[in-house]
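Inspection log for the structure reproduced underneath, given as structure tokens.
The values are calculated or read from the model by the stated rules, or taken from the named source; none is laboratory data. All values reported here derive from a predicted model rather than from experimental measurement. Using ideal geometry, Cβ is built from the backbone for each residue, glycine included, and neighbour counts are taken over all protein chains shown.
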Amino acid sequence: MPRTLQSLPLALTLVALCVPAAAVAADSEKVSEMSDPRIEESSGLVISPKHEDLAYTINDGDDPIVYAIEISTGNVVGTTRVGGGEFDDTESIAIDGNGKMWLADLGDNDRERDDAALYRFPEPGPGRHSVTANRYPVSFEGGPADIETFLVHPRTGEKFLATRDEEAPGKLYSLPKKLTRNGDNRATDLHKSTPVDTSDGTFTPSGSQALIRTGFAVHVFDPETWSEVEELSVPEVENGESIAMEPGGGSFIIGSEGDNSPLIRVAFESEEPEASPTPTPSPTPDAADASDEASDEGVGTPVYLIVAIVAVAVLALVAFWVARRRQHTGRH
């Protein structure tokens, strides 16, 4: 064999070591299939932080029904019809740190919509429901955009949107911290790129990492800078579409469009920060109008006010007891 051919395997090995490659995802397993015929084109996926073994999905399109799915079996265990607006192209769903579900009607293949919007309502859980959601109109810096990825930071409530383009990197947008139901919630172009063919995204439980899904991989980002830190290859499925982080951050679930959509669990070594003895504050409400929160949950007495009242009462009792004690001592 010529010496040049003998050297070829060594050369190829050295080249392979020098070229960055996608890390192969750790253990993965097919958990179940969403075989219900009503789920024709599962586009968004989110896992319940409140109910064990429960996820939600939404079809791509204009029929705003959220399906509650038992992850272990793939069975539909609940449906929620969402009202509050005219829907055109629902693409993704998310649940924020306050337990509110967000349905993103932001798809715009022709980039011509002027009625894109987000819808917010309490997480429905299993069973049959019908809700009237709060609607938040969305517009985009630079004109209409085709959004298939919607992420809500679990700690801060910040909201990010990413476009889908099958031939070029996507654009990343952020929304105002305070959203209004009666105005223009303009998404700001962050001038950061997301992968080609971005289809969905999710945060780790602490919000320290963001995972962006494409048809064949999951890209891990640092949301402080939105720079990519890792790429994971995931099991190949037809029409790979959705991703949802599981509680604890040790795994995520991926799904796909089409009939009998599989739910596949993929192990993930997250870089979650160590637990702190100081509790993390809950996200602030998104709407500028406080009546939005009241319409969802009613108005309750703040915990800090109750604590303050109890503390004042205890101090008053102590002061009264000391005064009586001194009075009694003075008589002797």
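With respect to the conditions (1) in contact with a Ser or Thr (Cβ under 6 Å, 6 or more places away or on another chain); (2) without any contact (Cβ under 8 Å) to a residue 40 or more places away in the chain, A162 lacks only one, and its number is (2).
This table checks each residue for (1) more than 20 Å from A104 (Cα to Cα); (2) not polar (S, T, N, Q).
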{"residue": "E158", "(1), (2)": "no, yes"}
{"residue": "L172", "(1), (2)": "no, yes"}
{"residue": "D189", "(1), (2)": "no, yes"}
{"residue": "S208", "(1), (2)": "yes, no"}
{"residue": "D222", "(1), (2)": "yes, yes"}
{"residue": "E230", "(1), (2)": "yes, yes"}
{"residue": "G249", "(1), (2)": "yes, yes"}
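The set of residues from the stretch 168-188 being surrounded by 15 or more Cβ atoms within 10 Å (Cβ to Cβ) and within 22 Å of G142 (Cβ to Cβ) comprises P169, G170, K171, L172, Y173, S174, L175, P176, L179, T180, N185, A187.
Residue count for the stretch 215-233 under the criterion of being modelled with pLDDT of 95 or more and part of a loop (DSSP other than H, G, I, E, B): the result is 4.
Could we say that G125 is in a loop (DSSP other than H, G, I, E, B) and touching a His at 6+ places or on another chain (Cβ under 8 Å) here?
Against the criterion (in a loop (DSSP other than H, G, I, E, B) and touching a His at 6+ places or on another chain (Cβ under 8 Å)), G125 qualifies.
Within the stretch 136-164, how many residues are of a type in the set (D, E, K, R) and surrounded by fewer than 18 Cβ atoms within 10 Å (Cβ to Cβ)? Even if it seems obvious, please write down each step before you answer.
Narrowing the stretch 136-164 to residues of a type in the set (D, E, K, R): 141, 146, 148, 155, 158-159, 164.
Filter again for surrounded by fewer than 18 Cβ atoms within 10 Å (Cβ to Cβ), leaving 141, 155.
Of the residues in that region, 2 qualify.
Being of a type in the set (D, E) and either touching a Cys at 6+ places or on another chain (Cβ under 8 Å) or not in a strand (DSSP E or B) (or both), is that true of even one residue in the stretch 200-211? Taking every residue of the stretch 200-211 in turn, none turns out to be of a type in the set (D, E) and either touching a Cys at 6+ places or on another chain (Cβ under 8 Å) or not in a strand (DSSP E or B) (or both).
Of all residues in the stretch 213-226, those that are within 17 Å of S242 (Cα to Cα) have Cβ atoms under 7 Å from Cβ atoms of residues that are in a loop (DSSP other than H, G, I, E, B) and among the acidic types (D, E), 6 or more apart or on another chain, in T214/D197; G215/D197; F216/E236. If you go through the stretch 25-59 and keep only what is crowded, with 16+ Cβ neighbours inside 10 Å, charged (D, E, K, R) and modelled with pLDDT under 95, you end up with just E41.
Looking only at residues in the stretch 130-169 that are in a strand (DSSP E or B) and of a type in the set (S, T, Y), the one that is nearest to V66 (Cα to Cα) is S130. Taken together, the criteria place F121 among residues that are farther than 17 Å from L54 by Cα, in contact with a helix residue (DSSP H, G or I) (Cβ under 9 Å, 6 or more places away or on another chain) and in the same structural domain as N182 (by TED's automatic domain parsing).
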